[in-house]
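Asker: Structure in structure tokens, see below.
The values are calculated or read from the model by the stated rules, or taken from the named source; none is laboratory data. Being a predicted model, the structure only gives us computed values, none of them experimental. All Cβ positions, glycine included, derive from the backbone under ideal geometry; neighbour counts span all protein chains shown. These area figures cover heavy atoms from the full protein model, side chains too; ligands, DNA and RNA do not enter into them. Shrake-Rupley method; radii C 1.70, N 1.55, O 1.52, S 1.80 Å.
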Amino acid sequence: MSNSLSVRGEFSGGTQIIPARLAGLRVLAALLPLHKQKKILNEQSGSHASRLRGRGIDFSEVREYQAGDDIRSMDWRVTARTGQAHIKVFREERERPVLVATDLRASMDFGTKRALKRVVAADVSALLAWSAASQGDRLGGLIFNDNDEFDLRPHTGRKTLMAFLHRLADMPRTPHKASGERMLEICRHIARVAKPGSAIYIVSDWLGYDQECEKVLYATARHCDLIAVRISDPFEVTQPTGDYTLTDGQQRKRLTVSDRDNQSQRERWLHQSAELKASLLTSDATY
């Protein structure tokens, strides 16, 4: 993947995703200029200096072949007529598709600081959406839990943006299921709907991400800009000890953790968490 970002679960407060708060993140959109993440390779029409890996959709002109040009764009008729190699030049789209995929599985219903991971994920996703919309990009969304997904194909306009924000808040909670199988399903779904040249942001705790998922996303990253945003809670990346109160919103229980309690199990979990982070940061492996 082209990039990754780790976000601790302290972005905002609460256990519920509230549409009004997501709408209020509009004021922060200017602080996240998504187009500045893209490298300038050549001049293109529109507001973005494109790094698209595929051909554009609009024919622009025919010119003589230059070293490094893609021979798949060769105009054989003009080449045969003139005796000189010519290629077709395509103009990239003005509006870049931006797909924000948001993980709201049961594993995201966890938090020990200011917010549940699902709330943080919704906040980050809303901020990305507002930033994309403010730059005139075509916003698309994929919001998923353990059972279902909401697929919003890229479009411009406030209607699409508000539909995405409201669906973030309305996506129902689901019982926990095997995370590996579900994560692979979502990776395959993203691969199916991703249009070449899209910027794809996957906001998740990445639980269940494995080599099969990596293979699918690696293929997608060959023609898209793919950014992994990892949502984590401090409890998941440390070895906490002490007394804790646990609640699911209805019941409360007390948990006491000492240095002697399940030390090997805690160390194994921390090791797995570190491996997951490392795999997201080094997902440029070639298959």
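Asker: So if each residue of separation counts as 0.36 nm, and I subtract the Cα-Cα distance between residue 254 and residue 181, what length gain in nm does that give?
Answerer: Residue separation times 0.36 nm, minus the Cα-Cα distance, leaves 23.1 nm.
Asker: Applying a 10 Å radius around every beta-carbon, put 158-166, 183-191 in order of their mean neighbour count, most first.
Answerer: Details: 158-166: 16.8, 183-191: 18.4.
Descending packing order for the listed peptides: 183-191, 158-166.
Asker: Taking the Cβ of residue 78 as the centre, find all other residues whose Cβ is under 13 Å away and add up their charges (Lys, Arg: +1; Asp, Glu: -1).
Answerer: Working: positive: 63, 77, 81, 88; negative: 61, 64, 75.
Summing Lys/Arg as +1 and Asp/Glu as -1 gives +1.
Asker: Can you bin the stretch 104-206 into rounded, prolate or oblate? Criterion: square roots of the alpha carbon gyration tensor eigenvalues sorted a ≥ b ≥ c, rounded for a/c under 1.5, prolate for a/b above b/c, oblate for the rest. Could you put the intermediate results ahead of the total?
Answerer: Details: a/c = 1.97, a/b = 1.33, b/c = 1.48.
Taking the square roots of the gyration eigenvalues as a ≥ b ≥ c, the stretch 104-206 is oblate.
Asker: Now a separate question. Taking θ = phi - 60°, what integer Hz values does the Karplus form 6.51 cos²θ - 1.76 cosθ + 1.60 yield along the stretch 117-129, in sequence order, with x for Gly and Pro?
Answerer: Ordered by residue, 3J(HN,Hα) equals 4, 5, 5, 4, 4, 5, 4, 4, 4, 5, 5, 4, 5 Hz.
Asker: Long-range amide H contacts for residue 86: which residues qualify at under 5 Å (H placed 1.01 Å from N, peptide plane, sequence gap of 5 or more or a different chain)?
Answerer: 65, 75, 79
Asker: Okay, moving on. Decide, for the stretch 127-260, between rounded, prolate and oblate: order the square roots of the alpha carbon gyration tensor eigenvalues as a ≥ b ≥ c, take rounded if a/c falls under 1.5, and otherwise choose prolate if a/b is larger than b/c, else oblate.
Answerer: Working: a/c = 2.22, a/b = 1.65, b/c = 1.34.
Here the stretch 127-260 falls in the prolate category.
Asker: If you don't mind, there's one more thing I want to ask. In the stretch 131-246, what percent of the accessible surface is made up of carbon and sulfur (1.4 Å probe, ligands and nucleic acids excluded)? Please list the in-between numbers first.
Answerer: Values: 2450 of 4900 Å².
Accessible surface attributable to carbon and sulfur in the stretch 131-246 totals 50 percent.
Asker: Just to confirm a number: summing +1 for Lys and Arg and -1 for Asp and Glu over residues other than residue 187 whose beta-carbon lies under 13 angstrom from that of residue 187, what do you get?
Answerer: Values: positive: 182, 188, 192, 215; negative: 103, 149, 181, 185, 210, 212, 214.
Cβ neighbours under 13 Å give a net charge of -3.
Asker: Taking H placed 1.01 Å from N in the peptide plane, check which residues at least 5 places from residue 200 or on another chain put their amide H under 5 Å from its amide H.
Answerer: For residue 200, whose amide H was placed from the backbone, the distant partners under 5 Å are 99, 225, 226, 227.
Asker: Output ³J(HN,Hα) for the stretch 176-189: one whole-Hz value per residue in order, computed from phi by the Karplus curve 6.51 cos²θ - 1.76 cosθ + 1.60 with θ = phi - 60°, and x for Gly and Pro.
Answerer: Per-residue couplings from phi come out as 5, 10, 4, 6, x, 5, 5, 5, 5, 4, 5, 4, 5, 5 Hz.
Asker: 5 Å is the cut-off here: which amide hydrogens, built 1.01 Å from N in the peptide plane, fall below it relative to residue 155, excluding neighbours closer than 5 in sequence?
Answerer: Answer set, sorted by chain and number: 139, 140.
Asker: Right, next: Mind ranking 100, 193 by accessible surface for me, highest first, 1.4 Å probe?
Answerer: If we order 100, 193 from most to least accessible, we get 193, 100.
Asker: Here is the link list: 159/215; 88/215; 195/215; 117/253; 159/195. Which ones come out longer than 23 Å on Cα distance?
Answerer: Beyond 23 Å: 159/215; 88/215.
Asker: For the stretch 169-222, what does the alpha-carbon gyration tensor say about shape, rounded, prolate or oblate, given a ≥ b ≥ c as the root eigenvalues, a/c under 1.5 as rounded, and a/b over b/c as prolate?
Answerer: On the way: a/c = 2.40, a/b = 1.41, b/c = 1.70.
Verdict is oblate for the stretch 169-222.
Asker: So how far apart, in nm, are the two label points at residue 158 and residue 61 if each is 7 Å from Cα heading toward Cβ?
Answerer: Computed distance between label sites residue 158 and residue 61 equals 4.0 nm.
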